[in-house]
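These notes concern the structure reproduced below.
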Amino acid sequence: MIGGIGITATAGCLTPFSRSDSCSNSNEGSFSLDGATATGISNEFSTPLDGLPHATQVAVTDALDANTGESTSRGYYSPDPQTDFVVTGPEARYYRIETTDHDGTQTTGYEYSVEIDVDESALSDGATVRSFTELPAHDRESLRSAIENPGLLHAPHYTSFSVVFAYEHTDVRAQSVFIPDGATHYLEWDETLLRLTFEEQQMVVITSTTVSTELVATSPDEFKEHIGDNRGVVLDSLTTQQQDIVAQAIDGTYNECKPYSEPFSDLRERLSVRDHRVVLLVQYDGDWYFGRLH
């Protein structure tokens with residue numbers, strides 16, 4: 001329905017029908033297009049380097065700093081960008097990110113639940129409070145990787161998280177404050193008191209992860225072109241009926257009931273062959289749009 005008026009295909013053309021002919025949600029298809037700027041495409045398809053989770057940010061930074069554009073790290077908390085592209089600053093540079101896991105091996109991990117912002121007055125007499133900076137480096141990295149973003153220590157809605165301390169080598173494991181100890185620990189981190197309570201011992205996998213980076217653009221406009229060339233759907237050679245559908249979808253919504261008209265079915269076919277990506281990028285008449293197809 002467009003503004004309450006639906007359309008069907010009869011004898012090769014689009015004709016209106018009444019409001020009473022509106023279809024149920026399960027029997028309705030919709031298509032909409034919203035203008036996509038270079039900034040919008042950058043925000044949608046890339047993640048700032050400093051917005052990555054801690055373990056991933058460290059691995060990607062190491063790869064960017066290396067002459068080869070690659071780095072390899074090993075541990076329980078494997079780098080996982082959850083994005084295909086990272087943007088660095090202050091001059092925007094866009095990199096494709098790929099990760100490969102290899103050489104996995106099992107070891108024992110120790111899981112602790114971490115309560116944030118504990119009331120210090122609730123501590124028992126004689127309770128030891130460690131400073132985060134006093135912990136061994138590998139314990140600090142485990143905590144940073146578990147919380148992903150230390151800024152969450154001060155987020156009102158973020159009250160707890162879980163951390164696993166798992167180390168492959170005997171000498172490193174022996175230096176840990178939390179292995180094989182099963183006691184409750186108190187830790188001051190960034191002026192915040194944490195309570196770490198042992199939950200369980202479990203078998204976990206230590207993995208090597210290689211991060212590869214490739215420069216693909218040096219400006220938002222170049223990145224828009226790159227994404228468009230590789231992920232965009234260009235709508236050209238449309239019939240008159242399809243042009244009308246697209247015109248109604250731009251900054252609006254085009255709806256149609258099943259069985260769809262031939263023009264709409266053909267459009268849906270062209271727009272649905274992009275590896276089922278969540279974000280649909282469409283070019284029409286020289287302009288780019290974010291598309292939604294239901």
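The values are calculated or read from the model by the stated rules, or taken from the named source; none is laboratory data. Note that this is a predicted model, so its numbers are computed, not measured. For neighbour counting, all protein chains shown are included, and Cβ atoms are generated from backbone atoms with ideal geometry for every residue, glycine included. All accessible areas refer to the heavy atoms of the entire protein, side chains included, with ligands and DNA or RNA removed. Shrake-Rupley method; radii C 1.70, N 1.55, O 1.52, S 1.80 Å.
Figures for the structure shown
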| item | result |
| --- | --- |
| Enumeration of residues in the range 83-131 that are at pLDDT 95 or above, farther than 29 Å from Ala155 by Cα and among the acidic types (Asp, Glu) | Glu98, Asp101, Asp103 |
| Search result, residues across the range 108-143 that are out of contact with any strand residue (DSSP E or B) (no Cβ under 7 Å at 6 or more places or on another chain) and under 14 Å from Thr192 (Cβ atoms) | Asp119, Thr133 |
| Phe132 closer than 16 Å to Glu188 by Cα and surrounded by 14 or more Cβ atoms within 10 Å (Cβ to Cβ) | yes |
| Those residues of the range 219-249 which are over 18 Å from Ser30 (Cβ atoms), touching a strand residue (DSSP E or B) at 6+ places or on another chain (Cβ under 8 Å), open to solvent by less than 70 Å² (accessible area, probe 1.4 Å) and assigned to a helix (DSSP H, G or I), in sequence order | Phe223, Lys224, His226, Ile227, Gly228, Arg231 |
| Output for the range 164-188, where each listed residue is surrounded by 17 or more Cβ atoms within 10 Å (Cβ to Cβ) and under 17 Å from Gln202 (Cα atoms) | Val164, Phe165, Ala166, Tyr167, Arg173, Ser176, Phe178, Ile179 |
| Filtered residues of the range 183-217 (kept if free of Cβ contacts under 8 Å to residues at least 40 places away in the same chain and of a type outside the set (A, V, I, L, M, F, W, C)) | Thr184, Glu191 |
| Candidate set from the range 144-157 (those that are within 14 Å of Leu193 (Cα to Cα) and in contact with a helix residue (DSSP H, G or I) (Cβ under 8 Å, 6 or more places away or on another chain)); member that is most open to solvent (accessible area, probe 1.4 Å) | Pro150 |
| Contacts under 6 angstrom Cβ, first residue in the range 148-169 being over 19 Å from Glu188 (Cβ atoms), partner outside any strand (DSSP E or B) and of a type outside the set (Lys, Arg), 6 or more apart | Glu148/Pro53; Glu148/His54; Val164/Tyr76; Ala166/Tyr76 |
| Tally of residues being touching a helix residue (DSSP H, G or I) at 6+ places or on another chain (Cβ under 7 Å), farther than 14 Å from Thr210 by Cα and among the small types (Gly, Ala, Ser) across the range 47-94 | 1 |
| Among (1) over 21 Å from Gln82 (Cα atoms); (2) modelled with pLDDT of 95 or more, the one test that Ser212 misses | (1) |
| Within the range 154-172, tally of residues that are among the hydroxyl-bearing types (Ser, Thr, Tyr) and out of contact with any strand residue (DSSP E or B) (no Cβ under 6 Å at 6 or more places or on another chain) | 3 |
| Failed item, numbered, when Leu193 is tested on (1) in contact with a Ser or Thr (Cβ under 7 Å, 6 or more places away or on another chain); (2) of a type outside the set (Val, Ile, Thr); (3) open to solvent by less than 50 Å² (accessible area, probe 1.4 Å) | (1) |
| Contacts under 9 angstrom Cβ, first residue in the range 105-128 being over 12 Å from Ala166 (Cβ atoms), partner part of a loop (DSSP other than H, G, I, E, B), 6 or more apart | Glu115/Thr159; Ile116/Ala155; Ile116/Tyr158; Ile116/Thr159; Asp117/Thr159; Ala127/Thr184 |
| Selection from the range 101-129 of residues that are open to solvent by 60 Å² or more (accessible area, probe 1.4 Å) and among the charged types (D, E, K, R) | Asp101, Asp103, Glu115, Asp117, Asp119, Glu120, Asp125 |
| Spans of strands (runs of 3 or more DSSP E) in the range 19-136 with at least 1 residues β-branched (Val, Ile, Thr) | 70-75, 85-88, 93-116, 129-131 |
| Pairs with Cβ under 7 Å, 6+ apart, first in the range 170-181 and in contact (Cβ under 8 Å) with a residue 60 or more places away in the chain, second in a helix (DSSP H, G or I) | Phe178/Asp139; Ile179/Arg173 |
